[in-house]
Structures are given as C-alpha cells and as structure tokens.
1. How many residues are within 23 Å of residue 76 (Cβ to Cβ), part of a loop (DSSP other than H, G, I, E, B) and of a type outside the set (A, V, I, L, M) when one looks only at the range 14-29?
2. Restrict the check to the range 30-45 and report whether at least one residue is in a loop (DSSP other than H, G, I, E, B), free of Cβ contacts under 8 Å to residues at least 12 places away in the same chain, surrounded by 12 or more Cβ atoms within 10 Å (Cβ to Cβ) and not acidic (Asp, Glu).
3. Out of the range 60-96, which residues are within 16 Å of residue 7 (Cα to Cα) and over 17 Å from the mean Cα position of the chain (by Cα)?
4. Does residue 3 count as loosely packed, with under 13 Cβ neighbours inside 10 Å and either charged (D, E, K, R) or assigned to a helix (DSSP H, G or I) (or both)?
5. Taking the range 50-74 on its own, how many of its residues are out of contact with any helix residue (DSSP H, G or I) (no Cβ under 6 Å at 6 or more places or on another chain), surrounded by 13 or more Cβ atoms within 10 Å (Cβ to Cβ) and in a helix (DSSP H, G or I)?
Amino acid sequence: MLKEAALITVSCVLFVQMGLADAFQEAMRIRSRIVSCQKCLSFWVCLAWTIIHGYGLVVSVAVSFIASYCALWLSLLYDCLALIYNQLYEQITQTNDTSTDAERPRSSSDTQAGGDEVSQMPE
C-alpha cells in the first residue's frame, strides 16, 4: 500500500508541476482547484485508491494526509532543482558582449544612459 501511495503522490506532483494539469483542464474546458493543487490531488487520488482497494476509512484518510504532506515537500524539492537547473543553464549559455557600448563606462550625466533617470536641476 505504501509503495502505491508513494507512486500516486509522485505522479500527482509531476502532473501538476509539468503543466499537464493545466493542459488537461484546458482540453476538458473545466477549472478545478483540486486538479491544480498537487497536495489536494494527492490527497483525493490516494483516498479514492485506498478506499477502492478495500482499506479501512481511518487508514485511507491517514495515508492520504501523509501523501498530501509528502507532496508539499516533493514540490519544494522539484522547485529547488528547477532553480538550480535555470542558474546552471544561464551560466552555460551566457555570452560575452563585445560591443563598444558595453565597454564604455556610464555616468550620471551621460545622455545615452537609461531614459528613466531624472536629472537634477540646479537650485
């Protein structure tokens, strides 16, 4: 039972994190908070699975809550890994800007500086 609950939880987290939940809802033309939330989806799918397979109500609810809590941590781990991946990808694909504009130092009186700067008027 624990192996199946863990597989359901991982599947639910990946289903939401990879954007499949949004694609599914768009294709079916529905909006559901349960399908959009990995914790909710893990809870309800585990609850349905355990009840269908004949486990008691108390055991089913307990396993579902544990799966929901684990989904929270799995999604956090997934987000951390995505952040690390994005940082590494930026470092690998970073190009050196060799234009002369990039080498010229900028000053506050520079007329080519960003247009959002406000010049100071003499008093």
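Throughout, read-outs are computed from the coordinates displayed, never taken from laboratory work. In this text the structure is predicted, and so the values were computed from the model without any measurement. Heads up, the Cβs are rebuilt from the backbone with ideal geometry, glycines too, and the neighbour counts pull from every protein chain shown.
1. Residues flagged as within 23 Å of residue 76 (Cβ to Cβ), part of a loop (DSSP other than H, G, I, E, B) and of a type outside the set (A, V, I, L, M) within the range 14-29 amount to 1.
2. Applying the first criterion (in a loop (DSSP other than H, G, I, E, B)) to the range 30-45 yields 30-32, 37.
Those still in the list that are free of Cβ contacts under 8 Å to residues at least 12 places away in the same chain too: 30-32.
From what is left, the residues that are surrounded by 12 or more Cβ atoms within 10 Å (Cβ to Cβ) are 32.
Among the residues that remain, those that are also not acidic (Asp, Glu) are: 32.
Yes, the range 30-45 contains a residue that is in a loop (DSSP other than H, G, I, E, B), free of Cβ contacts under 8 Å to residues at least 12 places away in the same chain, surrounded by 12 or more Cβ atoms within 10 Å (Cβ to Cβ) and not acidic (Asp, Glu).
3. Correct list: 60, 63, 64, 65, 66, 67.
4. Details: loosely packed, with under 13 Cβ neighbours inside 10 Å: yes; either charged (D, E, K, R) or assigned to a helix (DSSP H, G or I) (or both): yes.
Criteria met by residue 3.
5. 5
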